[in-house]
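Working notes for the structure below.
The values are calculated or read from the model by the stated rules, or taken from the named source; none is laboratory data. All of these numbers come straight from a predicted model, not from anything done at the bench. Cβ sites come from the backbone with ideal geometry, for glycine too, and all protein chains shown count toward neighbours. With ligands, DNA and RNA removed, areas are computed over all heavy atoms of the protein, side chains included. Shrake-Rupley method; radii C 1.70, N 1.55, O 1.52, S 1.80 Å.
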Amino acid sequence: NGSTEEEISLERPGVYNLLNFRDGLDTLLGSIELPAGKISQVRLMLGDSNSVVVDGEVHELKVPSGSASGLKLNFHQELEEGLNFKLWLDFDASRSVIAKGNGQYSLKPVIRMFGEATTGAIKGTVSPASALPFVWAVIGTDTLGTIANEEGMFLIKGASEGAYTVTLQPQNGMAPVTLSNVNVAKGETTNVGTVEFGAAAE
């Protein structure tokens, strides 16, 4: 089929704290010059220095499938000559770390990719900010997720057009909130405003 694989060198090799990249913050992993044509897959080679902090204690994260063949992400996009193309990798931390019940944790990465200008976004603020809620936007069978930051702000990028159900689940025991029919348009950011949490039902 004439396909080839190109290797991308990392700008800054090392260990990244993925929770630093919330509320729209991102970082450049690497860049490459490619000929015009189609991109169909990105393969991530995972390192073995992965960990998760639970109640202040650091636990090693095992990758069940190992890191030999890499993590393959299918992504079909036409690359046009002379144009820059930005590709984002959105890591869903809350769904990627699996507790095995014996004090051990495994890493089963849930990552989605999206390009610029073909999608929209959902943002908002939560009160109190200390709730640090998980935020999920669901449309059909697709789930997009993030965690609000310490200032109470959240941003979910790479949302395709359509009406989403957004659920905010606080981590401090307060009652969750669900927003229905949150409409997203291509190239635009939908602001759901401030979401107030109330005490959980007894």
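Ordering I39, V195, L144 by Cα displacement along the dipole of the chain toward the positive end leaves L144 in first place; charges were set at the Cβ atoms of Lys, Arg (+1) and Asp, Glu (-1). Rounded to the nearest percent, how much of the accessible area of the chain (1.4 Å probe, protein heavy atoms only) is carbon and sulfur? So the carbon and sulfur contribution to the accessible surface is 48 percent.
Rounded to whole numbers, the Karplus 3J(HN,Hα) couplings from phi for the stretch 72-77 are 9, 10, 7, 7, 9, 8 Hz, using 6.51 cos²θ - 1.76 cosθ + 1.60 with θ = phi - 60°, and x at Gly and Pro. Rolling a 1.4 Å probe over the protein heavy atoms leaves I147 with an accessible area of roughly 20 Å². The length gained on full extension between H76 and Y16, counted as 0.36 nm times the residue separation minus their Cα-Cα distance, comes to 18.9 nm. A Förster radius of 45 Å, combined with the Cβ-Cβ distance separating L29 from A200, puts the computed FRET efficiency at roughly 0.70.
With 10 Å bins beginning at zero, the pair-distance distribution over Cα atoms of the stretch 20-70 amounts to 16, 30, 39, 11, 3 %. Rounded to 0.05, the FRET efficiency of the S40 and K186 pair, given R0 = 25 Å and the Cβ-Cβ distance, is 0.65. With Cα atoms defining each centre, the stretch 15-56 and the stretch 93-116 are spaced 13 Å apart in the structure.
Taking all protein chains together and rolling a 1.4 Å probe, L28 ends up with roughly 90 Å² accessible.
Using the Karplus relation 6.51 cos²θ - 1.76 cosθ + 1.60 with θ = phi - 60°, the per-residue 3J(HN,Hα) values for the stretch 97-107 come to 9, 10, 7, 8, x, 10, x, 10, 10, 10, 10 Hz, with x marking Gly and Pro. In a reduced charge model with +1 at each Lys and Arg Cβ and -1 at each Asp and Glu Cβ, the chain shows a dipole moment near 420 debye about its Cα centre. Of the whole protein surface, R12 contributes about 120 Å² of accessible area at a 1.4 Å probe radius. In order along the stretch 22-29, the Karplus-derived 3J(HN,Hα) couplings, from 6.51 cos²θ - 1.76 cosθ + 1.60 at θ = phi - 60°, round to 10, 6, x, 6, 9, 9, 7, 7 Hz, and Gly and Pro are given as x. Accessible surface computed residue by residue for the chain, with neighbouring protein chains in place and a 1.4 Å probe, gives 64 Å² per residue. Convex hull of alpha carbon positions in the stretch 113-202: directionally averaged projected area 5.8 nm².
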